[in-house]
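> Submitted below is the structure of interest, expressed as structure tokens.
The values are calculated or read from the model by the stated rules, or taken from the named source; none is laboratory data. Treat the numbers as computed from the prediction; the structure is a model and nothing was measured. Positions of Cβ are backbone-derived with ideal geometry, glycine not excepted, and every protein chain shown enters the neighbour counts. Heavy atoms of the whole protein, side chains included, go into the accessibility calculation; ligands, DNA and RNA do not. Shrake-Rupley method; radii C 1.70, N 1.55, O 1.52, S 1.80 Å.
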Amino acid sequence: MKKTFAEKSVCKTFLRMITVVTVTSTLFTGCNQKIEVKETEKILSNLPPTAKVPRIDDENVPTDKRVIYLTFDDGPNRGTENLLKILHKRNITATAFLVGKHASDSKKQKEDFEKMRTDGLLEIANHSYAHAHNKYSDFYKNPEAVLKDFDVAKDSLKLPGKIARTPGRNIWRLNNINVTDIKSSSEAADRLKTAGYKIIGWDLEWKPNNKMQLKGNHQEMLKKVDSIFFNDLEKTSRHLVFLTHDQYLTDADSINELDLFIEKLQKSNRFVFRKISAYPKINEVLN
Ligand SMILES: [Zn+2]
């Protein structure tokens, strides 16, 4: 269950109060109060703030870390090779939401698909077979056809799981997370969910400029990451799904900016990176 910022603060304060009360009450029931008050102060001054006590939660992530899921859509595509180079340079895991058709559109795309499929740093997931032929409104009008398209992609890409992202829409259907950016797509999204698909949208997108290069720079994106966590805007508290597209990684500036973005996130030591199959509760069986 997602906690609000206020709830999280209350929890932290409460835990600190328990620590203080426990230590002081033990010491004040002893016979030599003066000595033991000094001991209390000593113990308290040595205690780290509760929030910084290393603790492992159910996703095996220390509580002082935030989790980022780097995801890249529409591959195999122009830029896929550059994406793989960056991932290996930074030794970082990511997820590629693939378009089934793109895996066989050309010899180069077939080769890139093979590289993506067998790359240990990358997880591949379903982004439909035909990407709605970029006619999204028509596509989502027919829920059965949408389901069929995702099934065809699953088979043709030989995907082991049912993690998926809808083309042209930021839709979530995962346990209690139910978000639809454009309401006319709701029925199709519900149909995918009923068929067992776990639909993952995104919390933050690095969009392109009109030349299909990454817009802005890594500093701006880093500020957006901080802002989302600070304002508790991520769908699941402490977990951020980041989206951009392979095809924006064809020019030197875009490649460099994405590389710097990842480098700065890593060096801040505040984040860990996971493939999308590690997203909280994604592997629970849906009813
Ligand atoms: Zn797409």
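> Restricting attention to region 198-256, and to residues there that are of a type outside the set (A, V, I, L, M), open to solvent by less than 10 Å² (accessible area, probe 1.4 Å) and within 16 Å of the ligand (Cβ to nearest atom), which single residue is farthest from G79 (Cα to Cα)?
Across region 198-256, the extreme among qualifying residues is G201.
> Any residue in region 163-187 that's without any contact (Cβ under 8 Å) to a residue 24 or more places away in the chain and within 16 Å of the ligand (Cβ to nearest atom): show its pairings with residues that are assigned to a strand (DSSP E or B) and hydrophobic (A, V, I, L, M, F, W, C) at Cβ separation under 7 Å, as long as the two are six or more apart or on different chains.
Final answer for the pair search is D181/I171.
> Take region 90-133 and flag every residue that is within 16 Å of the ligand (Cβ to nearest atom) and surrounded by fewer than 16 Cβ atoms within 10 Å (Cβ to Cβ).
Scanning region 90-133 gives D105, H133.
> Which numbered condition trips up K108, out of (1) in contact with a helix residue (DSSP H, G or I) (Cβ under 8 Å, 6 or more places away or on another chain); (2) over 17 Å from R165 (Cα atoms); (3) part of a helix (DSSP H, G or I); (4) of a type outside the set (D, E)?
Only one criterion is unmet by K108, namely (1).
> Limited to region 160-175, what total is found for residues that are over 16 Å from the mean Cα position of the chain (by Cα) and open to solvent by less than 10 Å² (accessible area, probe 1.4 Å)?
1
> If you go through region 222-260 one residue at a time, how many are touching a Ser or Thr at 6+ places or on another chain (Cβ under 7 Å) and assigned to a loop (DSSP other than H, G, I, E, B)?
Number satisfying all stated conditions: 1.
> A further question follows. Looking only at residues in region 259-287 that are among the charged types (D, E, K, R) and at pLDDT 95 or above, which one is most open to solvent (accessible area, probe 1.4 Å)?
K267
> Now for a different question. Looking at region 84-105, I want the residues that are under 16 Å from A164 (Cα atoms) and assigned to a helix (DSSP H, G or I) and have a partner that is open to solvent by 40 Å² or more (accessible area, probe 1.4 Å) and within 16 Å of the ligand (Cβ to nearest atom) with Cβ atoms under 6 Å, at least 6 apart or on another chain. Which pairs are those?
G100/Y129; K101/Y129
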